[in-house]
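Peer 1: I have a structure here, written as structure tokens, and I will follow up with some questions on it.
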Amino acid sequence: MGERYLIDTNALLEFLGRTLPPDAHHFLSGVINEQFNISVINRIEVLGHESATETLVEFMNLANTYAIEKDIEEQTIALRKQKK
């Protein structure tokens, strides 16, 4: 298996909106087709928006969704407090 990627929410939204440059869209399409990985935060951000459709829900359900470990959550909170 090749490299694995965790797809950022903004990259995912730009991919779906077809606003990425062609090379980036092609690359991300390959990543999604091979192994579609998101975090639970990505899922909340995308599907929590009022514009989320059933088609988008079905698409997001294709992803491997990773939870966040408590220590990572706490480190992230501490970093956000230091650097907005």
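Peer 1: Farthest toward the dipole's positive end in the chain, which of 15, 49, 72, given Cβ charges of +1 (Lys, Arg) and -1 (Asp, Glu) about the Cα centre?
Peer 2: The Cα lying farthest towards the positive end belongs to 72.
Peer 1: Against the longest principal axis of the chain, how steep is helix 70-82, in degrees 0 to 90 to the nearest 10, with axes from Cα atoms?
Peer 2: The two axes meet at around 80 degrees.
Peer 1: Per-residue ellipticity at 222 nm for the chain, helices alone: DSSP H runs ≥ 4 residues times -39500 (n - 2.57), over residue total, nearest 500 deg cm²/dmol?
Peer 2: Value at 222 nm, helices only: -17000 deg cm²/dmol.
Peer 1: Let me ask something else about it. Normalising by the residue count of the range 34-84, find the relative contact order in percent from Cα pairs under 8 Å and 6+ residues apart.
Peer 2: 48
Peer 1: Of the heavy-atom accessible surface of the chain (probe 1.4 angstrom), what whole percent is carbon and sulfur?
Peer 2: About 54 percent, which is the carbon plus sulfur part of the accessible surface.
Peer 1: Using 0.36 nm per residue of separation minus the Cα-Cα distance, give me the extension gain between residue 13 and residue 51 in nm, one decimal.
Peer 2: 12.5 nm
Peer 1: Show the residues, 5+ positions off or on another chain, whose built amide H is closer than 5 Å to the amide H of residue 66.
Peer 2: 38, 39, 40
Peer 1: Label 7 Å along Cα→Cβ of residue 41; the range 4-21 residues with amide nitrogen under 17 Å?
Peer 2: It comes to 5-13, nothing else.
Peer 1: Separate question: With everything on Cα atoms, drop me the angle between helix 22-34 and the longest principal axis of the chain, reported from 0 to 90° to the nearest 10.
Peer 2: 80
Peer 1: With every protein chain kept in place and ligands, DNA and RNA left out, what is the accessible area per residue of the chain? Probe 1.4 Å, answer in Å².
Peer 2: Result: 77 Å² of accessible area for each residue.
Peer 1: Using all Cα-Cα distances in the chain, what percent lands in each 10 angstrom bin from 0 up to the longest?
Peer 2: Pair shares across the bins are 15, 43, 31, 10.
The values are calculated or read from the model by the stated rules, or taken from the named source; none is laboratory data. As the structure is a prediction and not an experimental result, all values here were calculated from the model. Reconstructed Cβ throughout: ideal geometry from the backbone, glycine too, with neighbour counts over all protein chains shown. To get the accessible areas, we keep the full protein, side chains included, count just its heavy atoms, and leave off ligands, DNA and RNA. Shrake-Rupley method; radii C 1.70, N 1.55, O 1.52, S 1.80 Å.
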